[in-house]
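Colleague: Would you mind keeping the following structure in view while I ask a few things?
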């Protein structure tokens, strides 16, 4: 079945259709959730909570083709809540990605990168993760974060420039 049919069935209360929608992207949802929670059990809990909320609010979805962006934004909001409650630290994957951007090789450089990531605002960090780690388009990031496209572009530009400028200074300090 196509996405539009599954969404329409879900809107009429068909939970199996809704679960089929989630099943099609379950690995992606798990990766997103795990990026925030850093724990497989918490990641699954967040997905379960998002599924419940998503099913309850499916009637609010206007465009069936936007289901995955819509559900991803629900999931991210739940993960953010879990992140705030658990004070989870940066994932190794994020640190490795940023390290690759700056070609760092040593443990000292890794510590510098961790410090740099912690200096970013939460929204800037989330935008970079969605754009560069999860490979979402700028349009999708804007929809997920519920902000204008130009705001996403500006935040990416500022965050990357900030990281680049700080990385040079921080590297010289050690």
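Colleague: Six or more apart or on different chains, Cβ atoms under 9 Å: show the pairs whose first residue is in the stretch 120-132 and crowded, with 21+ Cβ neighbours inside 10 Å and whose second is outside any helix (DSSP H, G or I).
Modeller: 127/147; 128/120; 129/91; 130/136
Colleague: Examine the stretch 137-151 for a residue that is within 20 Å of residue 31 (Cα to Cα), at pLDDT 85 or above and not in a helix (DSSP H, G or I), and state whether such a residue exists.
Modeller: Checking the stretch 137-151: at least one residue is within 20 Å of residue 31 (Cα to Cα), at pLDDT 85 or above and not in a helix (DSSP H, G or I).
Colleague: Mind telling me which of the residues 77, 86, 65 ends up being at pLDDT below 85 and within 30 Å of residue 21 (Cα to Cα)?
Modeller: Residue meeting the stated conditions: 86.
Colleague: Scan the stretch 8-16 and tell me whether some residue there is under 24 Å from the mean Cα position of the chain (by Cα), touching a residue at least 40 places away in the same chain (Cβ under 8 Å) and in the same structural domain as residue 73 (by TED's automatic domain parsing). Steps first, please.
Modeller: From the stretch 8-16, those under 24 Å from the mean Cα position of the chain (by Cα) are none; that's our starting set.
No, every residue in the stretch 8-16 fails to be under 24 Å from the mean Cα position of the chain (by Cα), touching a residue at least 40 places away in the same chain (Cβ under 8 Å) and in the same structural domain as residue 73 (by TED's automatic domain parsing).
Colleague: Now, a different point. Search the stretch 144-160 for residues that are in the same structural domain as residue 130 (by TED's automatic domain parsing) and pair each with any residue that is exposed (fewer than 14 other Cβ atoms within 10 Å of the Cβ) and assigned to a helix (DSSP H, G or I) when their beta-carbon atoms are under 7 Å apart and the residues are at least 6 apart or on different chains.
Modeller: So the pair list comes out as 149/139.
Colleague: Looking only at the stretch 91-136, filter to residues that are closer than 24 Å to residue 78 by Cβ and not in a helix (DSSP H, G or I); which one of those is modelled with the lowest pLDDT?
Modeller: Step one: list which residues in the stretch 91-136 are closer than 24 Å to residue 78 by Cβ, which gives 91-95, 97, 117-118, 120-136.
Within this subset, residues satisfying the condition of being not in a helix (DSSP H, G or I) are 91, 120-121, 134-136.
Details: 91: 44, 120: 84, 121: 86, 134: 75, 135: 77, 136: 83.
Only one residue fits best here, namely 91.
The values are calculated or read from the model by the stated rules, or taken from the named source; none is laboratory data. The model shown is predicted, which means the values in this text are computed figures rather than measured ones. Using ideal geometry, Cβ is built from the backbone for each residue, glycine included, and neighbour counts are taken over all protein chains shown.
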